[in-house]
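Contents: one structure, followed by commentary.
The values are calculated or read from the model by the stated rules, or taken from the named source; none is laboratory data. Keep in mind that what you see is a predicted model, and the values were worked out from it rather than measured. Here the Cβ positions follow ideal geometry from the backbone for every residue, glycine too, while neighbour counts run over all protein chains shown.
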């Protein structure tokens, strides 16, 4: 019996202590002494009275680290551009003074060139962290780190994530991160006006048509001093990617258009995109030749880059607390959770996302849970089916849980 009691006591002493953060935003400050005093009173058989006795127990509140990082969901700098600034606000939501170490990552096309802390600029992450090491942040206080970055050419319409992770220096296992998607607007270069006013060499990003038609627009201006009739020749540099259709515009007929001096005409070239891999490219050009002077030609170019949605999926088993990953074995009768995560690794939004999970025969379905609204989940004969309402944006992830019991 003593052996059993000792084993039970040892198990209690070795069991992990769960720290639960209070629901209120105001935490009990570190160092607070909490004293609990109880009072006992009594009498005897002859109703004699006695002085009360008291007993007290005191505990001291320790430090709970809780860095919280926030940043804009998206920013839209030009491509190319330099000297862009992206603020990340780090709040010390813990219950005492702390400082942080930060780490940053940026995707293709974005280069981090420096950091700002207050009015001081730091050229490297190491220099920034040295300054943060001596920057104490009180409970509920904030510090803002501004990331300075450049955007490469040709990034219009593409999403690039920039992430900053802040780690407590006092509790280095506690951190938080925020990601901002950098999405430069589509723009063109210098030259003939195309695509609704952008300069020539405009770039557009298109899904394979699958029945949907697209159009490239060009504005042809007569800069001469007399009316002129222009010959128009549209072309696709890669017929396997883009198939040209009709060419339309006010006064356009038989591949020609007449424009008065100083006038302009908008010309539309319709096209479709084939079922080709993401990143496939074709240039749609419209070349005009002056009837008054055949040596005068202008060319507008619209570059079509094919984009697609591309889902990846991961599945991981967790203990019943939904935080501890399963490593080693599980026991009959044990409850576990499967977390299934879908991520759009492509350049276009994914629609009608659906997941089917036939559960193994060695487990019994119990329930499901979701990360947020939008999931519709059913279970039939041991197969869990989940569908996601709306679309999954590029670089976005969603997940849901399945709880089962091991037979």
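For (1) in contact (Cβ under 8 Å) with a residue 12 or more places away in the chain; (2) within 30 Å of residue 155 (Cα to Cα); (3) in contact with a helix residue (DSSP H, G or I) (Cβ under 6 Å, 6 or more places away or on another chain), each residue gets a yes or a no:
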| site | (1), (2), (3) |
| --- | --- |
| 45 | no, no, no |
| 64 | yes, no, no |
| 69 | yes, yes, no |
| 73 | yes, yes, no |
| 76 | yes, yes, no |
| 84 | yes, yes, no |
| 89 | yes, yes, no |
| 95 | yes, no, no |
(request) Could you pull out the residue among 196, 279 that is at pLDDT 90 or above, exposed (fewer than 14 other Cβ atoms within 10 Å of the Cβ), in a loop (DSSP other than H, G, I, E, B) and not assigned by TED's automatic domain parsing to the domain that holds residue 157? (result) 279
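Select, from 338, 365, the only residue that is under 24 Å from the mean Cα position of the chain (by Cα) and in the same structural domain as residue 316 (by TED's automatic domain parsing).
Result: 338 is the single residue among 338, 365 that is under 24 Å from the mean Cα position of the chain (by Cα) and in the same structural domain as residue 316 (by TED's automatic domain parsing).
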(request) State all residues of the stretch 304-323 that are surrounded by fewer than 20 Cβ atoms within 10 Å (Cβ to Cβ) and under 24 Å from residue 204 (Cβ atoms); if no residue qualifies, say none. (result) 308, 309, 310, 311
(message) Every residue in the stretch 325-339 that is in contact (Cβ under 8 Å) with a residue 24 or more places away in the chain, surrounded by 10 or more Cβ atoms within 10 Å (Cβ to Cβ) and part of a loop (DSSP other than H, G, I, E, B), please.
(response) 330, 334
(request) From (1) crowded, with 17+ Cβ neighbours inside 10 Å; (2) assigned to a strand (DSSP E or B), pick out the condition that doesn't hold for residue 246. (result) (1)
(request) Among what's in the stretch 308-321 and is modelled with pLDDT of 95 or more and part of a loop (DSSP other than H, G, I, E, B), pick the residue that is nearest to the chain's Cα centre (by Cα). (result) 321
(request) Could you check how many residues of the stretch 356-407 are farther than 27 Å from residue 160 by Cβ and part of a strand (DSSP E or B)? (result) 29
(request) Check every one of the strands (runs of 3 or more DSSP E) wholly within the stretch 44-154 and list those with 2 or more residues that are assigned by TED's automatic domain parsing to the domain that holds residue 174 and within 30 Å of residue 203 (Cα to Cα). (result) 81-92, 100-106, 110-117, 142-151
